[in-house]
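Beneath this line is the structure, given in structure tokens, with notes to follow.
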Amino acid sequence: MRIDSVDKLNHWREKCLKKRAAQKRKVLVCLGPGCLASGSDEILGELKKILSEKKIKGVSVESIKKTGCHGLCARGPLVVIEPEGIFYSRVKKSNVAEIVETTLEKGELVEKLLYKDPSDEQTIVDYKKIPFYARQQRISLRNVGQIDPDDIDDYIASGGYSALARALNGMKPQEVIDEISRSGLRGRGGGGFPTGRKWATCAGIDSDIRYVLCNGDEGDPGAFMDRCIMEGDPHSVLEGMIICAYAVGSREGYIYVREEYPLAVVNLQKAIDAAHERGLLGENIMGSGFTYDARISRGGGAFVCGESSALMKSVAGEIGEPRAKYIRSVVRGLHDKPTVLNNVETFATVPVIINKGGDWFASIGTETSTGTKAFSLAGKVCNTGLIEVPMGISLREIIYDIGGGIPEGREFKAVQTGGPSGGCLPADKLNLPVDFDTLTEAGSMMGSGGMIVMDNRTCMVDVARYFLNFLVSESCGKCVPCREGLYQLHGLCVKICEGKAVEESLALMERLSKVIQTASLCGLGQSGPNPFVSTVSYFRDEYLAHIRDEKCPAGICRDLITYTINDKCTGCLACIEVCPVDAITGEKKIKHVLDQEKCTQCGSCYAVCKFEAVDIE
């Protein structure tokens with residue numbers, strides 16, 4: 001059905017809702033990247049096979065729904081049964097028959113698949129009561145894990161395109177901009193620039209052509225928020241872009257997606273095609289006379305192309321290099337025409353603001369950082385996954401209440417926010433509220449929303465070395481401060497990790513960092529020294545231990561550590577089996593011996609020993 005009016009959209013939504021209501025039970029199978037890698041597609045296939053052969057009242061093959069990421073990646077693959085909200089985790093293909101027979105047929109629970117709270121081992125059946133989910137507030141992620149991303153009717157049944165209908169049918173372009181401005185929405189891609197101000201500036205430029213672009217490049221290691229939205233709810237991104245295009249007077253645009261996100265490209269293209277067929281994209285959208293079309297532009301995976309001007313160069317088919325910031329993209333962006341560029345999460349949030357109002361959105365979060373923010377919670381935390389929380393929540397609440405704390409009861413050491421260009425915050429910053437301004441003042445940044453937790457086995461010098469190495473390889477090389485400065489900064493950091501540095505190196509690195517931050521052309525260079533600057537600020541003693549004592553307190557830097565086997569060794573042979581260079585010898589139930597000349601300090605023996613028989617010196 002082609003939807004050429006608001007009435008037809010409402011009529012079609014009612015029809016979709018009736019179809020949805022006919023299915024008394026629904027089986028939601030997570031096909032997010034984490035669960036997919038663990039075999040959730042096989043679970044989906046097995047469910048369809050068994051249910052096609054069985055006749056169960058209120059349940060059929062149509063009851064099965066593939067969805068995007070459910071969020072709790074640490075427990076995947078995940079299966080949720082509605083309307084009860086039964087949450088099954090770590091599901092295997094071999095469990096499917098039991099789920100069908102026990103839960104779908106008999107209405108009973110498969111106890112071994114239920115979630116157990118790690119703090120008290122309490123079993124929780126309804127996923128809404130699991131602390132990981134209960135403490136979230138989902139706006140940009142509202143449909144991810146709930147709808148089939150390939151089914152536009154599922155999106156429409158969930159309220160999809162109603163905000164677009166409201167904007168086209170009852171609001172002038174300036175009223176849309178005013179609503180976004182009133183909401184206080186700031187760009188979720190890292191810069192935090194006020195979205196309404198950006199749209200208003202672009203709309204005010206005298207030009208016959210304007211572009212609306214979506215940044216789906218998301219190059220931060222450990223970040224996957226935008227990926228999950230594009231894969232799990234692509235229509236929300238399209239709807240937000242069309243509303244923006246209407247507000248600023250654009251007729252065309254692009255969604256820029258990195259090559260490493262093939263499933264996102266597939267799902268976005270399906271969404272674009274379906275929206276065309278329904279009359280929700282292209283010529284005369286919903287019979288309003290407004291025309292806008294969007295296409296996918298695929299990036300090669302260059303981190304620097306996450307920067308606005310470099311991204312636009314790449315979309316135009318040129319080398320992805322940034323240009324000076326005095327040239328503003330809202331004035332001269334893609335093809336030197338006024339351009340609005342927002343990221344995936346920002347556009348996914350727009351339809352909710354239009355439907356519920358800017359004042360509603362502004363009532364969430366803090367005065368200067370309104371609404372919610374999605375984060376990918378990764379690293380040394382129990383509940384790794386995808387979350388969305390109100391701005392102003394503390395780091396402690398995210399890491400301990402939602403994230404479940406540090407595995408194996410280890411000590412929290414630091415959390416990195418903002419990706420490679422962000423900073424690492426220590427334990428005494430756990431009570432900091434998470435918002436744009438507070439994180440920046442603390443020496444870190446919001447970034448796109450990556451959050452990597454570290455425990456006391458993490459070497460902060462090695463962390464700085466790792467991210468500086470990443471930034472050196474991702475620098476486009478256009479400007480000397482970034483190209484040469486980051487290279488030299490990384491080299492000095494490597495020397496510290498190898499125990500070859502002198503104390504004066506720290507002062508040199510601090511001066512070099514200031515030059516890079518001041519003189520670099522774009523945000524990559526300007527924030528590039530942050531991994532070093534933040535770690536040396538909060539963990540200076542660790543740097544000095546590497547330099548003065550030639551020791552790595554965390555036992556990570558290979559050139560500064562020695563592994564030895566103590567008297568706790570039971571002769572279990574575990575370390576012998578994993579040693580890659582046969583440096584450990586011994587017999588069963590007899591203390592083993594480690595040959596220091598052969599040892600490569602890989603740490604395999606330390607990792608597998610259950611008796612604390614391997615020491616790091």
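The values are calculated or read from the model by the stated rules, or taken from the named source; none is laboratory data. Everything numeric here is computed off the predicted structure, so don't read it as measured data. For neighbour counting, all protein chains shown are included, and Cβ atoms are generated from backbone atoms with ideal geometry for every residue, glycine included.
Of the numbered criteria (1) closer than 24 Å to A378 by Cα; (2) more than 16 Å from the chain's Cα centre (by Cα), the one G253 fails is (1). Determine, yes or no, whether A264 is more than 24 Å from A310 (Cβ to Cβ) and among the aliphatic types (A, V, I, L, M). Considered against the rule, which asks whether it is more than 24 Å from A310 (Cβ to Cβ) and among the aliphatic types (A, V, I, L, M), A264 comes out as no.
Assigned to a helix (DSSP H, G or I) and either free of Cβ contacts under 8 Å to residues at least 40 places away in the same chain or hydroxyl-bearing (S, T, Y) (or both), is that true of G485? Spelling it out, it is not the case that G485 is assigned to a helix (DSSP H, G or I) and either free of Cβ contacts under 8 Å to residues at least 40 places away in the same chain or hydroxyl-bearing (S, T, Y) (or both). The residues of the stretch 43-61 that are out of contact with any helix residue (DSSP H, G or I) (no Cβ under 8 Å at 6 or more places or on another chain) and either within 26 Å of M230 (Cβ to Cβ) or not in a helix (DSSP H, G or I) (or both), listed by number, are L44, G45, K55, K57, G58.
Among the residues of the stretch 5-22, is any crowded, with 17+ Cβ neighbours inside 10 Å and under 23 Å from the mean Cα position of the chain (by Cα)? No; the residues of the stretch 5-22 include none that is crowded, with 17+ Cβ neighbours inside 10 Å and under 23 Å from the mean Cα position of the chain (by Cα). Kindly provide the set of residues from the stretch 488-507 that are over 26 Å from V304 (Cα atoms), in a helix (DSSP H, G or I) and either free of Cβ contacts under 8 Å to residues at least 40 places away in the same chain or not small (G, A, S) (or both), ordered by number. The answer is K495, I496, C497, E504, L506, A507. Within the stretch 290-323, the set of residues being under 22 Å from the mean Cα position of the chain (by Cα) and in a loop (DSSP other than H, G, I, E, B) comprises G300, G301, A302, E307. Checking the condition at pLDDT 95 or above and over 21 Å from G34 (Cα atoms), which residue from I81, I139 passes? When all the criteria are applied, what remains is I139. Annotation: of all residues in the stretch 212-239 being in contact with a strand residue (DSSP E or B) (Cβ under 8 Å, 6 or more places away or on another chain) and of a type in the set (G, A, S), the one that is nearest to V315 (Cα to Cα) is G216.
Can you name the residue in the stretch 305-333 that is surrounded by fewer than 24 Cβ atoms within 10 Å (Cβ to Cβ) and aliphatic (A, V, I, L, M) and is also farthest from A247 (Cα to Cα) among such residues? Going through the qualifying residues, I end up with I319.
Scanning the stretch 268-304 for residues that are over 23 Å from A316 (Cα atoms), crowded, with 16+ Cβ neighbours inside 10 Å and polar (S, T, N, Q) turns up just one, S288. Taking the criterion of being among the acidic types (D, E), surrounded by fewer than 19 Cβ atoms within 10 Å (Cβ to Cβ) and not in a loop (DSSP other than H, G, I, E, B), the only residue of the stretch 527-558 that qualifies is D541. Taken as a whole, the structure leaves E597 outside the set of residues that are part of a loop (DSSP other than H, G, I, E, B), surrounded by fewer than 15 Cβ atoms within 10 Å (Cβ to Cβ), under 42 Å from the mean Cα position of the chain (by Cα) and not basic (K, R).
The residues of the stretch 222-272 that are hydroxyl-bearing (S, T, Y) and at pLDDT 95 or above, listed by number, are S236, Y246, S250, Y254, Y256. Scanning the stretch 289-305 for residues that are at pLDDT below 95 and touching a helix residue (DSSP H, G or I) at 6+ places or on another chain (Cβ under 6 Å) turns up G299, F303, V304, C305. Looking only at residues that are crowded, with 17+ Cβ neighbours inside 10 Å and within 37 Å of the chain's Cα centre (by Cα) in the stretch 566-582, which one is farthest from E617 (Cα to Cα)? My answer is A574.
Scanning the stretch 1-42 for residues that are in contact with an Asp or Glu (Cβ under 8 Å, 6 or more places away or on another chain) and assigned to a loop (DSSP other than H, G, I, E, B) gives R2, Q23, R25, L31, G32.
Taken together, the residues in the stretch 527-555 that are within 26 Å of the chain's Cα centre (by Cα) and free of Cβ contacts under 8 Å to residues at least 24 places away in the same chain amount to 0.
Scanning the stretch 582-606 for residues that are among the acidic types (D, E) and in contact with a strand residue (DSSP E or B) (Cβ under 9 Å, 6 or more places away or on another chain) gives a single hit, D595. Could you tell me whether E218 is on the phi > 0 side of the Ramachandran plot and either among the polar types (S, T, N, Q) or surrounded by 24 or more Cβ atoms within 10 Å (Cβ to Cβ) (or both)? Against the criterion (on the phi > 0 side of the Ramachandran plot and either among the polar types (S, T, N, Q) or surrounded by 24 or more Cβ atoms within 10 Å (Cβ to Cβ) (or both)), E218 qualifies.
Selection of first residues in the stretch 420-438 that are free of Cβ contacts under 8 Å to residues at least 60 places away in the same chain and under 23 Å from D541 (Cα atoms) and of second residues that are among the charged types (D, E, K, R) and surrounded by fewer than 24 Cβ atoms within 10 Å (Cβ to Cβ), restricted to Cβ pairs under 6 Å at least 6 apart or on distinct chains, gives the following pairs, ordered by first then second residue: L430/R396; N431/R396.
Annotation note: Cβ proximity below 7 Å between a residue of the stretch 266-293 that is over 14 Å from Y246 (Cβ atoms) and a residue that is outside any helix (DSSP H, G or I) and of a type in the set (K, R) (sequence gap 6+ or interchain) occurs for R278/R2; G279/R2. I354 satisfies every condition listed in (1) modelled with pLDDT of 95 or more; (2) buried (at least 17 other Cβ atoms within 10 Å of the Cβ); (3) over 26 Å from G249 (Cβ atoms) except (3). Here L395 meets each of (1) free of Cβ contacts under 8 Å to residues at least 40 places away in the same chain; (2) farther than 30 Å from Y115 by Cβ; (3) buried (at least 20 other Cβ atoms within 10 Å of the Cβ) with one exception, condition (2).
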